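What follows draws every value from the coordinates through simple rules; no lab data is involved. These figures come from a predicted structure and were not determined experimentally. Note that we place each Cβ from the backbone using ideal geometry, even for glycine, and neighbour counts take in every protein chain shown.
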Amino acid sequence: MSILVELNLFGRDYEQEMRPLIRAFLPGADFEVNHYEAEEEAMRDIVSKAEKDGGELLLLAPNPANDYSFCMLLLEDRFRIRIYKRGELIGRADADRVDPDRKAFRNRVAREVYQVLAKETGRQLPWGILTGVRPTKLVYEAITDGWSEDAIRSHMQEEYCCSDQKIETSITIAKREHEILSGMDYQNGYSIYIGIPFCPTTCAYCSFTSYPLSRFGKLADDYLDALEKEIQFLGTCRPKQRLSTVYIGGGTPTALNEAQLERLLQMVQKYLPMDEVLEYTVEAGRPDSVTEGKMRLLKEYGVSRISINPQSMRQRTLDLIGRRHTAEQIVEAFRLARACGHTNINMDIIIGLTGENPDDVSYTLSEIEKLDPENLTVHTLALKRAARLTTERENYEGMEATGVTEMLARTIAYAGAHGYKPYYLYRQKNMAENLENVGYARPGKEGIYNILIMEEKQTILAAGAGAMSKFVFYGEDRIERVENVKSLTDYISRVDEMIERKREFLANNKL
């Protein structure tokens, strides 16, 4: 049964900040959001009159039919917050002379809401009020600015209510990232992402831009025609800078047939300045897309890092989430890649998958141990609105995962015992038990592109349907994005427009 949440906002619009925080405490919440616009002076008068008369500030009568109602008056330098449960007041916060800086103001508001919900639910969130994608970015920047570890710990506790464990994880990862990036001149370089939006089938948890081959495979050649134009353009964008990394993702790039895959690899070789590239990654995520010919092509064209992703080694789980391949095929694909000479292989797993418990994760790890990949990436399931696990959730009722925090603990223990070090971390909205995704690697095998994009340290030029170029302006604390259309057919017909968007941006901005 869903939880009905009413969010009433007066003044500053903090919907994007409040939704994920509230949902972290109240999973599955359905929101009714109301924005009330009025002149700030009029809102101040409402507050002054109510408080002068000694009465309770009633921003809006809460609807007792809703499980929770949040009424928030957020002015430039003060706030009034009232939180109700089925019409009864359960929390309030009033503050005057609040720091008008938007970030500090937002954090103060979030902490007040956090404390009420923590008391109401009897829970603390491991990442506190941090709901964004990049919690380690804060720590990385603090290390760069010369903060001591003790100062970082205090700040993360007091400002963001983070748990001790997550703080230590953040410090460990940020230090490793800093060490790796200090060895490269990333500010005078750039990276390229190439998106291949085809997959053998669409997994139940997936919301990425991907199209099943059974329906859209006939468009693959037309897509490559369009993509070639964009890759050719990207090769001309930064003539005075070094290309640091190339990442071909998806979808599943190896869903292309061998001739199409070779054509793609030839484009990269022909149009991009690959001579000094530090890392060249191709995702071969679905084992049912792996062939000996494709693995040999990747090796022949200089690909230095690949991913073969089981997600789970339990066959019943693979069937349930729509992977359409066997656990045996995962092993076969990995061994085939090894036989073709690949020496830096990543394997993704997902904790929190439908129907699984900690012992299932332990089983998956024990099977991965036999293969001994250089990288292990541990994702926590994030339920996206467009994924079938969400849109068809009635089909999965009663099959929710149990013990996701324990699953994460087992992956941490496994990584430590097998020589893997954490080197990047990111989060997504609606993650199971408010956890995170962590990339582990044997020393010297870390994915440089993953660090660059997660910490937003380098300009990433992107090609393909749904791809987003990200331009970093050093010294300005500014990042600008230029997006491509997501629709496969729109991309094919409008690729010239996608190129022109980037050309115009580069002409109007000095990086």
Checklist entry - Taking Cα centroids, how far is region 404-441 from region 206-275 in Å? => result 30 Å
Checklist entry - How far is helix 404-417 tilted off the main Cα axis of the chain, in degrees rounded to 10, range 0 to 90? => result 50 degrees
Item to check | Inter-label distance, nm, simple model (7 Å from Cα along the C-beta direction), Gln187/Ser487 | outcome: 4.2 nm
Checklist entry - By counting other Cβ atoms within 10 Å of each Cβ, how are Ser362, Ser244 ranked from fewest to most? => result Ser362, Ser244
Checklist entry - If one computes the Cα centroid of region 323-350 and of region 175-195, what distance in Å separates the two points? => result 27 Å
Item to check | Selection of GluC sites (Glu not before Pro), region 430-511, meeting DSSP coil and at most 10 other Cβ within 10 Å | outcome: Glu476
Item to check | Shape box of region 446-489 [Cα atoms, principal axes, largest first, Å] | outcome: 38, 28, 11
Next on the checklist: Taking each pair of distinct Cα atoms in region 87-198 once, what is the resulting Kirkwood hydrodynamic radius in Å?
Outcome noted: 16.7 Å
Checklist outcome for this item: Computed for the chain: size of charge dipole around the Cα centre, +1 on C-beta of each Lys and Arg, -1 on C-beta of each Asp and Glu, debye to nearest 20, value 780 debye
Checklist outcome for this item: Going fewest to most other Cβ atoms within 10 Å around each Cβ, Cys71, Cys340 line up as Cys340, Cys71
Checklist outcome for this item: To the nearest 0.05, the calculated FRET efficiency linking Arg86 and Gln16 through their beta-carbon distance, R0 being 22 Å, is 0.25
Next on the checklist: Between Glu367 and Ile3, what's the calculated FRET efficiency when r is the beta-carbon distance and R0 is 41 Å? Round to 0.05.
Outcome noted: 0.65
Checklist outcome for this item: Fewest to most Cβ atoms within 10 Å: Ser366, Ser170 sort as Ser366, Ser170
Checklist entry - Which whole-number percent is the relative contact order of region 135-180 (Cα, under 8 Å, 6+ apart)? => result 55 percent
Checklist entry - Which label marks the calculated value of mean projected area of the Cα convex hull in nm², given the options (1) 22.7; (2) 25.0; (3) 46.4? => result (2)
Item to check | the chain, relative contact order [Cα under 8 Å, separation at least 6], % | outcome: 13 percent
Checklist entry - How much length is gained if the chain between Asp150 and Asn508 is pulled fully straight, taking 0.36 nm per residue apart and subtracting their Cα-Cα distance, in nm to one decimal? => result 124.6 nm
Checklist entry - At what distance in nm do the modelled label points of Asp221 and Thr236 sit from each other, each positioned 7 Å from its Cα along Cα→Cβ? => result 2.7 nm
Item to check | All lysines inside 25 Å of Lys294 as judged from Cα atoms, apart from same-chain residues fewer than 8 positions distant | outcome: Lys218, Lys229, Lys270, Lys370, Lys445
Item to check | Theoretical FRET efficiency, 1/(1+(r/R0)^6), r = Cβ-Cβ of Phe473 and Glu328, R0 51 Å, to 0.05 | outcome: 0.55
